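These notes are about the structure you will find just below.
What follows draws every value from the coordinates through simple rules; no lab data is involved. Owing to the predicted nature of the structure, the values given are computational and were not obtained by experimental measurement. Using ideal geometry, Cβ is built from the backbone for each residue, glycine included, and neighbour counts are taken over all protein chains shown.
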Amino acid sequence: MLARSCLRSTRAVGAVRNGAVNTSKRAASTSSSEAASPFRLNMAGSAATAVAIGSMAWYYHLYGTELHAMTPTEEGLHPTKYPWEHAAWTKTFDHQALRRGFQVYQEVCSSCHSLSRIPYRSLVGVTHTVDEAKAMAEENEYDSEPNDEGEIEKRPGKLSDYLPSPYKNDEAARAANNGALPPDLSLIVKARHGGCDYIFSLLTGYPEEPPPGVKLPDGLNFNPYFPGTGIAMARVLYNDLVEYEDGTPASTSQMAKDVVEFLNWSAEPEMDQRKKMGLKVLAITSLLTALSIWVKRYKWSPIKTRKIVYVPPKMGGRPNGH
Amino acid sequence: MATAARPLYNFLVRRNYIFLGVIFAGAFGFEMAFDTISDRIWDNINKGRQWKDIRAKYIQSEDDE
């Protein structure tokens with residue numbers, strides 16, 4: 001009913017606009033509702049608009065809002081983006097920092113975290129000399145091959161041995177840490193969203209006290225960057241915890257930066273080589289691209305510059321063309 | 001091609017074994033030159049960052065002890 005009267009009334013309006021010529025004809029066909037008042041038209045339009053907007057709002061309310069499976073607390077604070085120099089396209093790791101970072105790992109983290117994918121030999125020529133690496137390996141004992149009686153004796157470590165883990169197995173690690181497993185750090189930079197930024201923020205992000213109102217279970221420490229904010233690892237880095245042999249002041253952030261860079265190396269030991277190779281590949285391929293463009297233009301130049309001329313045949317007696 | 005280079009061109013291309021040899025030697029030479037130059041550029045960009053830049057410190061201190 002509403003729709004029909006609307007239709008009719010628009011026709012009436014159209015008729016008025018169309019001017020005198022058509023008026024009589026249209027007026028005959030629209031009969032009674034010619035009297036549709038502007039007020040009723042406005043009401044109908046407004047109502048339709050309100051219904052349209054209302055249904056859109058209702059639909060958006062139902063389906064439109066973004067869904068989060070986790071609360072912001074459960075997501076954890078997003079780490080700050082730091083300008084890591086070794087992350088640049090053309091920069092290697094700073095190997096002095098790697099050496100310091102290894103020292104931090106060795107003196108601080110290695111009492112809880114393993115670094116099981118790194119053998120001593122891979123430190124050679126990266127952070128340490130052969131002799132240093134050998135000396136460090138020999139400080140540990142490893143199982144040897146079974147002897148004639150089938151006994152397994154201990155032998156000092158060799159370059160080919162992997163860094164020793166602090167616990168015999170994951171269960172022992174859990175038991176020693178309140179049920180929380182300190183993850184292996186070999187690939188941790190690749191294994192966490194935010195990579196270097198996240199781990200740096202995590203290590204330096206422990207506040208003096210948890211904010212008021214935060215209740216954590218026993219044995220958990222507050223860290224806003226850790227998803228869930230309650231982490232089983234307490235703050236481990238404090239100013240001057242280690243003494244760097246190269247004299248760098250061992251502030252908390254310096255140690256965190258060094259150990260993070262070292263962990264990035266342990267996750268991607270091939271990075272230096274990869275970037276150098278990548279640069280060479282770019283250089284060669286751009287040379288070859290330029291060369292192939294030149295060759296193409298060279299080969300095509302006769303075709304591009306040729307001129308096709310149409311010489312019409314001479315018609316008997318008449319002047320050429322036209 | 002410039003006429004001056006014509007004899008050289010003829011020498012290089014006339015006999016197949018010379019032509020092939022020139023290609024192989026050229027690839028070899030180019031590779032050496034390219035690697036040397038790009039390594040130098042790379043080491044310059046990363047001055048002081050690589051192991052070879054700090055290695056001397058640790059070799060030295062080993063000898064002192």
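Extending 7 Å from Cα along the Cβ direction at A:H193 and again at A:S253 yields two label points whose distance is 2.5 nm. Straight-line cross-link partners of A:K215 among the aspartates and glutamates, defined as a Cα under 18 Å from its Cα and at least 8 positions apart when in the same chain: A:E74, A:E75.
Here the calculated FRET efficiency for B:E31 and A:Y238, from their Cβ-Cβ distance with R0 = 41 Å, stands at 0.20, rounded to the nearest 0.05. Normalised by the residues of chain A, what does the relative contact order come to in percent, with Cα pairs under 8 Å and at least six apart? Value for chain A: 18 percent.
By how many degrees, between 0 and 90 and to the nearest 10, does the Cα long axis of helix A:38-59 differ from the longest principal axis of chain A? Around 20 degrees separate the two axes. Of all lysines in the structure, those lying under 17 Å Cα to Cα from A:K304, and not within fewer than 8 positions of it along the same chain, are A:K296.
Label sites at A:K215 and A:L159, each approximated as a point 7 angstrom past Cα along Cα to Cβ, lie 5.8 nm apart.
List residues of segment A:160-184, by number, whose backbone nitrogen lies under 17 Å from a label position 7 Å along Cα→C-beta of A:E145. Zone members listed by number: A:160-161.
For a quick check of your reading of the filter: which trypsin sites (Lys or Arg not before Pro) in segment A:161-207 sit in a DSSP loop and have no more than 12 other Cβ atoms within 10 Å? Hits after loop and neighbour filter: A:K168. Separation of segment A:94-112 and segment B:1-23, taken as the distance between their Cα centroids, equals 59 angstrom. For segment A:49-114, trypsin sites (Lys or Arg not before Pro) are listed when DSSP marks them as loop and at most 10 other Cβ atoms sit within 10 Å of their Cβ; the list is A:K81.
Extension gain for the segment A:L181 to A:F39, taken as residue separation times 0.36 nm less the Cα-Cα distance, is 43.7 nm to one decimal. Sites listed here are GluC sites (Glu not before Pro) in segment A:41-104 whose DSSP assignment is loop and whose Cβ has at most 11 other Cβ atoms within 10 Å: A:E66.
Going Cα to Cα from A:K134, which lysines come in below 22 Å? Please leave out same-chain ones fewer than 8 positions away. Once the sequence-local lysines are set aside, what remains near A:K134 is A:K154, A:K158, B:K52, B:K57.
Here the sum of -39500 (n - 2.57) over DSSP H runs of 4 or more residues, divided by the residues of chain A, equals -14500 deg cm²/dmol at 222 nm, to the nearest 500.
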